[in-house]
Amino acid sequence: MYTPIKSDSFWAILKNNLGIYNYKYKYLLIAIDSINSGHKIIYESSFIIHSSNYNSWILIIHSDILYIYGKNWNKVLVNELTQKIDLKLYKNYEIMGTEELIYDLLNFYNIHSFNIEKERVFYEAVSVHNFLTNNIRPATSNDLPILSKMMQDYYHEEYKGKNDKSIEEMNFRIVNEIINKEIYIINADKENIASFCTIIDPDIGILFTNIKYRNQGYGKKILSYCSNLLIDKNKKVFLMTDKKNVESNILCKNIGFYEIYKHTYILINVDR
């Protein structure tokens with residue numbers, strides 16, 4: 001079944017029938033909020049293709065980014081989709097969404113010219129391993145200078161210099177996280193912070209370890225600690241990693257997380 005955005009039922013189906021209020025669709029929900037608040041445009045080429053019981057569906061939201069998400073899609077849905085949209089027409093365009101579906105469509109359209117911007121693995125856990133430690137605590141204002149610099153280092157490393165932040169931006173962010181008790185630290189000694197971990201209830205935010213303290217167990221200890229805080233509150237915890245960061249993915253699995261979803265963000269039909 002095909003439901004275009006012009007249909008009165010488009011938003012009702014999107015919000016009530018697709019099960020998108022789920023950690024897997026975190027970036028999609030952010031986009032929908034931006035559209036509803038007027039910060040993003042949505043074009044009339046947006047649509048949903050779905051089975052009668054909504055167990056299988058593909059969602060296309062055409063905005064400044066082409067959002068492509070799906071669940072249990074099949075050849076029938078894909079064939080119908082290809083009658084409504086031609087990805088070859090989207091030159092130097094950003095696409096975000098369900099990794100497997102997007103690559104299925106790239107193969108269908110025989111699109112080989114694309115750049116991977118960022119690929120994520122989403123994880124969930126209902127229990128994680130505990131590690132005895134007494135050097136984890138909520139961050140305080142005294143930690144601000146060190147944490148702001150560490151957060152800068154995180155952005156530079158995570159996005160390969162493409163999303164660097166000023167120290168003022170990081171100060172503002174860290175202050176709010178300290179006030180809201182959303183950032184925890186583990187000390188290497190009395191003066192040095194080895195790692196920090198932020199919490200964005202119900203998921204883990206950023207885990208970062210100072211380069212000189214890596215591979216010494218600090219990351220797994222603070223991740224376990226913060227994960228247990230959320231499990232105690234919500235019975236489960238979520239997080240995402242960079243798919244290419246082998247160490248991070250191994251760490252998550254080793255302490256009890258299991259993979260639930262893969263998300264991709266690419267630029268297609270790139271001019272060479």
> Amide H to amide H under 5 Å from Ser56: which residues, 5+ apart in sequence or cross-chain, H placed 1.01 Å off N in plane?
Replying inline: Ser51
> Whole-Å semi-axes of the chain's equivalent ellipsoid, largest first, each the root of 5 times a Cα gyration tensor eigenvalue?
Replying inline: 38, 20, 18
> HN-Hα J couplings of region 141-147 from phi, Karplus 6.51/-1.76/1.60, θ = phi - 60°, integer Hz, Gly and Pro as x?
Replying inline: 4, 5, 8, 3, x, 5, 5
>> Give me the one-decimal Kirkwood hydrodynamic radius in Å for region 1-110, with the sum taken over alpha-carbon pairs.
In response: 14.1 Å
> Accessible area per residue, 1.4 Å probe, Å², for the chain: what's the number?
Replying inline: 52 Å²
>> Could you tell me which residue out of Ile268, Ser51, Ser224 lies farthest along the dipole of the chain toward its positive end? Charges go on the beta carbon: Lys and Arg +1, Asp and Glu -1, centred on the Cα centre.
In response: Ser224
>> Over region 51-146, what portion of Cα pair distances is larger than 22 Å, expressed as a whole percent?
In response: 49 percent
> Per 10 Å bin, what percent of the C-alpha pairs of region 1-65 does each bin hold, from zero upward?
Replying inline: 21, 58, 21, 0
>> To check my understanding: the extent here is largest minus smallest coordinate of the Cα atoms along each principal axis. What are those three numbers for region 227-272, in Å, largest first?
In response: 50, 21, 14
>> I want to check the label-to-label distance for Lys181 and Val246. Put each point 7 Å from Cα in the C-beta direction and report it in nm to one decimal.
In response: 4.0 nm
>> Please list 3J(HN,Hα) in residue order for region 173-181, calculated via the Karplus relation 6.51 cos²θ - 1.76 cosθ + 1.60 where θ = phi - 60°; whole Hz, with x for glycine and proline.
In response: 5, 5, 4, 5, 5, 5, 4, 8, 6
> Rounded to a whole number, what % of the accessible area of region 19-61 do carbon and sulfur atoms account for, probe 1.4 Å?
Replying inline: 50 percent
>> With the crude spin-label approximation of a point 7 Å out along Cα→Cβ, what separation in nm comes out for Phe172 versus Asp271?
In response: 3.3 nm
> Each residue of region 97-109 in turn: what ³J(HN,Hα) in whole Hz from Karplus with 6.51, -1.76, 1.60 and θ = phi - 60°, glycine and Pro shown as x?
Replying inline: x, 5, 4, 4, 5, 4, 6, 4, 6, 4, 5, 4, 7
>> Charges at C-beta only: +1 for Lys and Arg, -1 for Asp and Glu. How large is the resulting dipole of the chain about its Cα centre, in Debye rounded to 20?
In response: 440 debye
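The values are calculated or read from the model by the stated rules, or taken from the named source; none is laboratory data. These numbers come from a predicted model, not from an experiment. FYI the Cβ positions are ideal-geometry reconstructions off the backbone, even for glycines, and counts take in every protein chain you see. We work out accessible area using only protein heavy atoms, side chains counted, and drop any ligands, DNA or RNA first. Shrake-Rupley method; radii C 1.70, N 1.55, O 1.52, S 1.80 Å.
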